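The values are calculated or read from the model by the stated rules, or taken from the named source; none is laboratory data. Keep in mind that what you see is a predicted model, and the values were worked out from it rather than measured. Cβ: placed from backbone, ideal geometry, glycine included. Neighbour counts: every protein chain shown.
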Amino acid sequence: MTDLRIPSRVALVTGASTGLGETIAEFLGGAGWRLVLTARTESDLTAVAKRLTDRGVTVVAVAGDVGEAAHRERLIAEAGSLGRLDWLVNNASQMGVSPIRPLLDHPVDVFEKVLRTNVVAPVAMAQLALPLLRETGGLVVNLSSEAAVDVFPCAGIYGASKAALDQASRIIAAELADTGVGVTSVDPGGMRTRGYAEAEPGFDLSGVPTPDVTLPFWKWLAQTSSGEVSGQRYMAQAGPWDAR
């Protein structure tokens, strides 16, 4: 077990301006981690960063799109400027057309954009982050979804992309098995987020939990070594956390 409050630990969290990414950033910041945060919406990201810095958390916030190579390179450089990287949290994602619609009704260019954000970008981020992660025995955390394993009509693009990311995570974990770097997939479960509301406008989300429901999982993961979780897929709302 590692010390949750080691002040030197650094996490890079994508999609950190709202929802689950914001929750992860706030948890890690409260536990003494230094943070590199990114999201597409600069105003939301700035608000999160200010709230954390006002509490004494070291935060580097860089707005942009992880689908763009130059932005990915900037993020890794910012982590390097903090001297290390312990977690790469690939949380940024795209749902596709909102409101959601059948898979074959999506324009091909939208499908390509979703795959670029949800699959290509996380793999590219891990590729760039690998030298830093090797130094710390760090962990790549790829956010999955229940849509990766269950059939949800009209969520086909999103589900297909998350299934692809799950498989990529398992393969990379196996390929890095002797390096000390871990890769894990986390299915956070259904949550009340802005993305969910936009995907299904009019759907009553009052009974759906907020992202805070996953906090016990993040506390457990932060105290667990990369080697113990690498290659596994976890359900954040279904502890105790055996591999699923």
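Residues in the stretch 14-27 that are within 13 Å of the chain's Cα centre (by Cα), part of a helix (DSSP H, G or I) and in contact (Cβ under 8 Å) with a residue 40 or more places away in the chain: 19, 20, 21, 22, 23, 24. Residues in the stretch 89-105 that are at pLDDT below 95 and either closer than 17 Å to residue 14 by Cα or buried (at least 18 other Cβ atoms within 10 Å of the Cβ) (or both): 93, 94, 95, 96, 100. Scanning the stretch 216-234 for residues that are out of contact with any Lys or Arg (no Cβ under 7 Å at 6 or more places or on another chain) and either within 18 Å of residue 30 (Cα to Cα) or part of a loop (DSSP other than H, G, I, E, B) (or both) returns 216, 217, 218, 219, 220, 221, 222, 223, 224, 225, 230, 232.
Within the stretch 135-151, residues that are without any contact (Cβ under 8 Å) to a residue 12 or more places away in the chain reach no partner that is in a helix (DSSP H, G or I) and surrounded by fewer than 19 Cβ atoms within 10 Å (Cβ to Cβ) with beta carbons closer than 9 Å at six or more positions or on different chains. Residues satisfying the criterion are present in the stretch 74-88 (criterion: in a strand (DSSP E or B), surrounded by 23 or more Cβ atoms within 10 Å (Cβ to Cβ) and in contact (Cβ under 8 Å) with a residue 60 or more places away in the chain). Residue 118 satisfies every condition listed in (1) touching a helix residue (DSSP H, G or I) at 6+ places or on another chain (Cβ under 8 Å); (2) closer than 28 Å to residue 230 by Cβ; (3) touching a residue at least 60 places away in the same chain (Cβ under 8 Å) except (3). Are any residues in the stretch 36-66 among the basic types (Lys, Arg), surrounded by 15 or more Cβ atoms within 10 Å (Cβ to Cβ) and either without any contact (Cβ under 8 Å) to a residue 12 or more places away in the chain or part of a helix (DSSP H, G or I) (or both), and if so, which ones? Hit for the stretch 36-66 is 51, nothing else. Do we have any residue at all in the stretch 139-161 that's closer than 22 Å to residue 64 by Cβ, outside any helix (DSSP H, G or I) and over 14 Å from the mean Cα position of the chain (by Cα)? No, the stretch 139-161 has no match at all.
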